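What follows is a short report on a single structure.
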Amino acid sequence: MAKRKAHSEKQPLVGVIMGSQSDWSTMRHATDTLEALGVPFEARIVSAHRTPRRMTDYASTAKDRGLKVIIAGAGGAAHLPGMTASMTPLPVLGVPVESAALKGMDSLLSIVQMPGGIPVGTLAIGKAGAVNAGLLAAAIVGLSNPRIMAAVEAWRARQTDAIADHPTSEKE
Ligand code: RP5
């Protein structure tokens, strides 16, 4: 089967970057969420360690290219969100990818413990963090885009409607 690049056709408003192909199984939950909300996005592999020039180019041109928010996912010694945030005034949301050795605690602490002055909005480890990064990015973009804010509100209403009043046993 032909490999498909994840992106939307329109001018991207959210940039989703990740340190490695191995992060994609987590980060695709961010792009799935953006897609469900109709938020134009692009997805790229950008490593702070292995492709530092690509990271510098990406972060320093992001605002002029029309992006409004960057979601950056990385695992282990996860420098990508913080380094990206140091080179752009755009809001950067960090997703700690679960690592094999330390279950993502290394990723979480690397991303969340930014010194004062360069913020990274840090989400939960793994899939929950990727989904929430997509929702948060949509809400930020939605502040100046009524269509996207309406999509966020509708998504939340559907989630609320889907919660049963009473628990049921699978055997019933
Ligand atoms: C980080 O190293 C990446 O974000 C990834 O989570 C981790 C491992 O990368 P691979 O060795 O799987 O490419 O830079």
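Side notes on the structure shown:
- Packing rank of 46-58, 29-41, where each peptide gets the mean count of other beta carbons within 10 Å, highest leading: 29-41, 46-58
- Dipole orientation for segment 14-153: of the candidates Ser22, Ala59, Ile125, Ala59 has the Cα lying most toward the positive pole (charges on Cβ; Lys, Arg +1; Asp, Glu -1).
- Listed by chain and number, the aspartates and glutamates whose C-alpha is less than 18 Å from the C-alpha of Lys127, apart from same-chain residues fewer than 8 away, are Asp23, Asp32, Glu35, Glu98, Asp106.
- Principal-axis analysis of the Cα atoms of the chain puts helix 24-36 at an angle of about 60° to the longest axis.
- Here the chain has 56 percent of its accessible surface on carbon and sulfur atoms, given a 1.4 Å probe and all protein chains in place.
- Amide proton proximity set for Ile71, modelled H, under 5 Å, gap of 5+: Gly15, Val16, Ile17, Leu93
- Theoretical FRET efficiency, 1/(1+(r/R0)^6), r = Cβ-Cβ of Ile163 and Asp57, R0 45 Å, to 0.05: 0.55
- Bridges between two residues of the chain, per DSSP, are antiparallel at a rate of about 5%.
- Rounded accessible area per residue of the chain, 1.4 Å, Å²: 58
- Packing here is the average count of other Cβ atoms within 10 Å per residue, and on that basis the peptides 20-27, 67-74, 157-164, 144-151, highest first, run 67-74, 20-27, 144-151, 157-164.
The values are calculated or read from the model by the stated rules, or taken from the named source; none is laboratory data. A quick note: this is a predicted structure, and the numbers were derived from the prediction, not measured. Note: ideal-geometry Cβ built from the backbone for every residue, glycine included; neighbour counts use all protein chains shown. Note: areas computed on protein heavy atoms with side chains; ligands, DNA, RNA excluded. Shrake-Rupley method; radii C 1.70, N 1.55, O 1.52, S 1.80 Å.
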